[in-house]
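In what follows, a structure is listed as structure tokens, so that the remarks can point back to it.
The values are calculated or read from the model by the stated rules, or taken from the named source; none is laboratory data. Everything numeric in this text was worked out from a predicted model, so none of it was measured. Here the Cβ positions follow ideal geometry from the backbone for every residue, glycine too, while neighbour counts run over all protein chains shown. With ligands, DNA and RNA removed, areas are computed over all heavy atoms of the protein, side chains included. Shrake-Rupley method; radii C 1.70, N 1.55, O 1.52, S 1.80 Å.
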Amino acid sequence: YCPEKERPSPLDVLISMSDENSENGDDNGGLRPGAPQAEDHMSKRALKSFVAFSTQMKDFRDKAFEMKVDELLFHIIETMNLMDHFDAISKSKAEFEERRENVQELRQAAKKYATSGNALLRDSSLNDIFDSDSALANFLDDVALVSDVAEANEGEEASGDRLVVNLMTIHASKGTEFDCVFVVGVEEGTLPCTPALQEGENSLQLDEEKRLCYVAMTRAKTQLILTWRREVTVFSGWSSSGPKTISKTRSRFLNALVSKKIQRQGTRKETKKESEPSGYLFGF
């Protein structure tokens, strides 16, 4: 990874340590033969930390050939004490809970690959083990669904009439408009969120949630689809029994819209205007 007579960067050292044919703890920090001495460009303390980290990464890679994706993910979380790290860096209990729930949702997503065999495949014909159609490679492809709105808009302009879907939070949608908008999770505990509900009626937090709902709805030019879930998967600790499902109720914001629509239908026949957002979907 580092050509002869060129100064290796810390990344060069780490990549070389991660090579299957290299041995951690040798005199050159795992660099390939012919590369400059790592200790000439790194302190012994830094090199020692690199060796420990590389050893851990190699352990994870070895376990990937033996474990399923969800088992490997749990092993990594536990080995690296990820929950303790989140607890240490979180500024509030709510921030920690959000981080923890994100990790647990990731674990839940990994369970879809429980029947796909071990995380990685042993295939000597591959230069890169992630090039294979392994369960881990497919899982990483699935979780990398982060869409950059600006890039998507550029792609839409370049491709003419090609259909483009943008996935974003309500906060990220401010200042944008789309022909069709789906607002998902419009149930009590999501929109409005649980902390706002705990503050009670007429609280600033609940008013802010109402404003966010309005922001989401007004992103739509032509069609607006609001959905809510009758059942939601939640996570309670790290037990082997896994997550549980709880019942949910429709958001008070959506109830207000439904009530208003029923009142209008009771007084006169509904007439659809092209300029009005349409297409309400109440649950699935």
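The number of residues in segment 97-111 that are modelled with pLDDT under 85 and among the small types (Gly, Ala, Ser) comes to 1.
LEU197 fulfils the conditions (1) assigned to a loop (DSSP other than H, G, I, E, B); (2) at negative phi except for a single criterion, (1).
Considered as a group, the residues in segment 153-177 that are more than 18 Å from GLN223 (Cβ to Cβ) and not in a helix (DSSP H, G or I) include one that is modelled with the highest pLDDT, and that residue is THR169.
Look at (1) at pLDDT below 85; (2) open to solvent by 80 Å² or more (accessible area, probe 1.4 Å); (3) within 24 Å of VAL234 (Cα to Cα) and you find that ALA114 fails only one, number (2). Tell me, please, whether a residue that is in contact with a strand residue (DSSP E or B) (Cβ under 9 Å, 6 or more places away or on another chain) and of a type in the set (Asp, Glu) can be found in segment 183-198. Yes, there is a match, as at least one residue in segment 183-198 is in contact with a strand residue (DSSP E or B) (Cβ under 9 Å, 6 or more places away or on another chain) and of a type in the set (Asp, Glu). Residue-level analysis places ALA150 outside the set of residues that are modelled with pLDDT of 85 or more, in a helix (DSSP H, G or I) and not β-branched (Val, Ile, Thr).
With respect to the conditions (1) of a type in the set (Val, Ile, Thr); (2) within 22 Å of ASN166 (Cβ to Cβ); (3) without any contact (Cβ under 8 Å) to a residue 24 or more places away in the chain, VAL181 lacks only one, and its number is (3). The condition (being part of a strand (DSSP E or B) and modelled with pLDDT under 85) is satisfied by just one residue among THR222, THR271, THR233: THR233.
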